1. Restricting to the stretch 85-109, give me the number of residues that are aliphatic (A, V, I, L, M), touching a residue at least 40 places away in the same chain (Cβ under 8 Å), within 17 Å of ALA130 (Cβ to Cβ) and surrounded by fewer than 23 Cβ atoms within 10 Å (Cβ to Cβ).
2. Out of the residues in the stretch 140-161 that are under 14 Å from LEU79 (Cβ atoms) and either touching a Leu at 6+ places or on another chain (Cβ under 6 Å) or at pLDDT below 95 (or both), state the one that is surrounded by the fewest Cβ atoms within 10 Å (Cβ to Cβ).
3. Can you report the number of residues in the stretch 63-81 which are of a type in the set (A, V, I, L, M) and in a helix (DSSP H, G or I)?
4. Do we have any residue at all in the stretch 114-125 that's in a loop (DSSP other than H, G, I, E, B) and under 19 Å from PRO9 (Cβ atoms)?
5. Does the stretch 126-139 hold any residues that are surrounded by fewer than 17 Cβ atoms within 10 Å (Cβ to Cβ) and either assigned to a strand (DSSP E or B) or among the charged types (D, E, K, R) (or both), and which are they?
6. Being within 14 Å of the chain's Cα centre (by Cα) and surrounded by fewer than 15 Cβ atoms within 10 Å (Cβ to Cβ): is that true of ARG176 here?
Amino acid sequence: MAVRKTASPDLLTERAFWDAGLRLVAGVDEVGRGAMAGPLLAAAVVLPPEVDGTDGAASALSDVRDSKLLTAGQRERLLPDICTVAVGVGVGVVEVGELDLIGVGAANRLAMQRAVLALPVEPDALVLDATTLDLDLPQVGLINGDAICLSIAAASIVAKVTRDRFMVACHEADPRFGFAAHKGYCTEDHLAALALHGPCHLHRRSFAPVGRLSAWIDR
């Protein structure tokens, strides 16, 4: 894993690949790894090399940051800009049942791989947040990649907005658990709702709070 520091996401890693003749570089990130309900979702974003020198494209992405540092409104505003500038965007999903079966670590890599394979273009190289994939492509895993690498930061926004929208839709279909507020993560309100209603089909049985309650209910 590569480690470096920067004040805001830049194109240093992508530029190294571009200079080597690898023009389609996909930044990849996931969201939902630590949630106790809902899918694990990853996104892959390929930015064009021209973004490094095109004022319009650079300006459109000037506010892109690690999704965790942005408000929901900021992420929603940036999403269409990312999709407009990008050469390609792909999303990969691992649903709850599959995640429970293979484990969260394997699910994380699988969602990322699916996001790469869902791209409308075949990438020449990958830059990923803190991991690498079993794909026959040049790639680098960056510690805190979503904070320092623009392509990964863009992917983090795509993944976060897509998953949040899904969890809001789940809330609208079944408001008992408050998914719109916590997006499936472990909050006091979510734990209280889980204890009151028991787990639904979106809850990950392999996660301790859900598993303990499921075991008690099944006795």
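The values are calculated or read from the model by the stated rules, or taken from the named source; none is laboratory data. No experiment lies behind these values; they were computed from the predicted model shown. As a convention, Cβ positions derive from the backbone with ideal geometry for all residues, glycine included, and neighbour counts pool all protein chains shown.
1. Start the filter on the stretch 85-109 by keeping residues that are aliphatic (A, V, I, L, M), which leaves 85-87, 89, 91, 93-94, 96, 99, 101-102, 104, 106-107.
From what is left, the residues that are touching a residue at least 40 places away in the same chain (Cβ under 8 Å) are 86-87, 89, 91, 93-94, 96, 99, 104, 107.
Within this subset, residues satisfying the condition of being within 17 Å of ALA130 (Cβ to Cβ) are 104, 107.
When the remaining residues are screened for being surrounded by fewer than 23 Cβ atoms within 10 Å (Cβ to Cβ), the result is 104.
Number satisfying all stated conditions: 1.
2. At the first step, the residues of the stretch 140-161 found to be under 14 Å from LEU79 (Cβ atoms) are 153-161.
In the following step, the residues that additionally are either touching a Leu at 6+ places or on another chain (Cβ under 6 Å) or at pLDDT below 95 (or both) were identified as 157, 159, 161.
Details: ILE157: 27, ALA159: 29, VAL161: 20.
Per the stated criteria, the residue is VAL161.
3. Count: 4.
4. Looking only at the stretch 114-125, we keep the residues that are in a loop (DSSP other than H, G, I, E, B), and these are 118-124.
If we keep only those that are under 19 Å from PRO9 (Cβ atoms) as well, we get 123.
Yes - at least one qualifying residue is present in the stretch 114-125.
5. ASP134, ASP136
6. On the way: within 14 Å of the chain's Cα centre (by Cα): no; surrounded by fewer than 15 Cβ atoms within 10 Å (Cβ to Cβ): yes.
Taking the combined requirement at face value, the residue does not satisfy it.
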